[in-house]
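Inspection log for the structure reproduced underneath, given as structure tokens.
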Amino acid sequence: MTTRRVFDPWGVAFGLVLPLLAAAGGLLLTLLWESRLPERIVVHWGSAGPEDYSEPMTSSWVFALAIVFVGGGCSAFSALAQALLTWRRIMLVAGLTVTGLLSTLQVAILAVQLDAVAGEDIQLPSAAIALGIVNGFAIGAVGAALLRDYRIRVPALDPPDPRLPRGPAQPIKIVGGFGVVGLVVIAALGIGCALLACATVGTSWPLWIALPVIVLILAGLRFDITVDGAGVRVRNFGLTSFELNLQEITGARLTHVAAFKDFGGWGLRAKGPGRYGVITKTGPAVEIGTASGLTLTITSERADAIAGALNSFAAQQRG
């Protein structure tokens, strides 16, 4: 059984501490540079140049609050050890991407105005947008890889109901969702739209904003599913997004899923407390139950083979 935790230490470090440090660092940097900054600095640019001004510390407090409540508000979810691991990872990457963007942009805005003369033409440091997004996304990805699943697993004591399907107790590997070609096409369409936006506004920052979004979308469109004597593992982009140990599985039954009617769409879905699905199509599916009451539904043309293998593995394990 997994050790019970309320907070994931890596989630606390990356999801809570990092945004707070970023917010505090921006305030401290502004305080150190304040004597070298104009009384009112540029904080917003329009197509014609600077449009809005603010006192340096006032601007820094706005950035700090945005980092804590927007970036930190998203990433803090990753610290909750009992929440679903894949949601924690997504929220951490999203939150730290926002944190990286805001904190890097704040530093760049201050840096370009050091020792500037009032009224001087100050250019928006647009390169900082790209740098902040890339850095934030990369740090978020590292933190997401370090998060661990502390969901409480209750052992199942009895073999699966004899009326449930049985089949050869042998490993099964399937791919759910889009294939490689489909993912490439979707990525190309997303990048193409971003490049069109870049050409329209005359800068590259829409591309850098789009790239993390495209990666997160692609991660939710393909799932590698493994069924064997250890249980069920669902992976995407090299990370385990969902795992059920054989010891906790009470049985697997066949069902039919209408993607939008039953789960509200495709991808890794949640429908009510403890009911999750890897939904990649409308059609046959296997619903896997656990002793804790959590269920996982997987749509697949091989649903009967998955159910048969899991029930046979569990029956063998429990005599």
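The values are calculated or read from the model by the stated rules, or taken from the named source; none is laboratory data. For clarity, every value in this text was computed on a predicted model and none was experimentally measured. So basically every Cβ, Gly included, is an ideal-geometry build from the backbone, and we count neighbours across all protein chains shown. Only protein heavy atoms, including side chains, enter the accessible area calculation; ligands, DNA and RNA are left aside. Shrake-Rupley method; radii C 1.70, N 1.55, O 1.52, S 1.80 Å.
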- Note on the structure: Of every hundred units of 1.4 Å-probe accessible area on the stretch 1-109, the number belonging to carbon and sulfur atoms, as a percent, is 70 percent
- Message: Can you compute the helix-only [θ] at 222 nm over the chain? Use -39500 (n - 2.57) per DSSP H run of at least 4 residues, normalise by all residues, nearest 500 deg cm²/dmol.
- Response: -14000 deg cm²/dmol
- Message: I need the semi-axes of the equivalent ellipsoid of the stretch 1-127: take the C-alpha gyration tensor, multiply each eigenvalue by 5, square-root it, list largest first in whole angstrom.
- Response: 36, 14, 9
- Item | P(r) weight above 20 Å for the stretch 218-319, C-alpha pairs, percent | 32 percent
- Express in nm, to one decimal, how much length is gained between A111 and V184 on full extension, taking 0.36 nm for each residue of separation and deducting their alpha carbon distance. 22.4 nm
- Pick out, in residue order, every one of the trypsin sites (Lys or Arg not before Pro) in the stretch 1-61 that is DSSP loop and has at most 16 other C-beta atoms within 10 Å; say none if there are none. R4, R5, R40
- Message: Taking the Kirkwood radius as the inverse of the mean 1/r across Cα pairs, report the Rg/Rh of the stretch 57-204.
- Response: 1.17
- Item | Ordering of 174-185, 75-86 by packing [mean C-beta count within 10 Å, highest first] | 75-86, 174-185
- Message: Can you give me the angle between helix 205-219 and the longest principal axis of the chain, using Cα atoms only, in degrees from 0 to 90, rounded to the nearest 10?
- Response: 10 degrees
- Message: Beyond 20 Å, how much of the Cα-Cα pair distribution for the stretch 119-219 remains, as a whole percent?
- Response: 66 percent
- For the stretch 78-88, in residue order, the Karplus 3J(HN,Hα) values (coefficients 6.51, -1.76, 1.60; θ = phi - 60°; whole Hz; Gly and Pro = x) are 5, 7, 7, 5, 8, 6, 4, 4, 5, 5, 4
- Query: Between A13 and R36, 0.36 nm times their residue separation minus their Cα-Cα distance comes to what?
  - Reply: 5.0 nm
- What net charge do the residues around A156 carry, taking every other residue with its C-beta under 9 Å from that of A156, with Lys and Arg at +1 and Asp and Glu at -1? -1
- For the pair R163 and L65, the simple spin-label estimate (label points 7 Å beyond Cα toward Cβ) gives in nm 6.0 nm
- Any idea what the dipole of the chain comes to, in debye rounded to 20, about its Cα centre with Lys/Arg Cβ at +1 and Asp/Glu Cβ at -1? 1540 debye
- Query: If each Cα of the chain is one equal point scatterer, what is log10 of I(q)/I(0) from the Debye formula at q = 0.10, 0.13 Å⁻¹?
  - Reply: -0.68, -0.96
- Mean Cβ-within-10 Å packing, highest first, puts peptides 153-159, 102-108 in the order 102-108, 153-159
- How would you order 8-16, 187-195 from highest to lowest mean count of nearby Cβ atoms within 10 Å? 8-16, 187-195
- Message: From the phi angles alone, apply the Karplus equation (6.51, -1.76, 1.60; θ = phi - 60°) to the stretch 37-44 and give each ³J(HN,Hα) in whole Hz, x where the residue is Gly or Pro.
- Response: 9, x, 4, 10, 9, 6, 10, 8
- Note on the structure: Per residue, accessible area of the chain with a 1.4 Å probe, heavy atoms of protein chains only, in Å², comes to 49 Å²
- Query: If you roll a 1.4 Å probe over the stretch 129-265 with all protein chains in place, what percent of the accessible area is carbon or sulfur?
  - Reply: 70 percent
- Note on the structure: The percentage of Cα-Cα pairs in the stretch 108-159 separated by more than 12 Å is 77 percent
- Using the Karplus curve 6.51 cos²θ - 1.76 cosθ + 1.60 with θ = phi - 60°, work out ³J(HN,Hα) for each residue of the stretch 251-264 in order, rounded to whole Hz, and write x for Gly and Pro. x, 10, 10, 7, 8, 10, 10, 9, 3, 7, 5, 8, 10, x
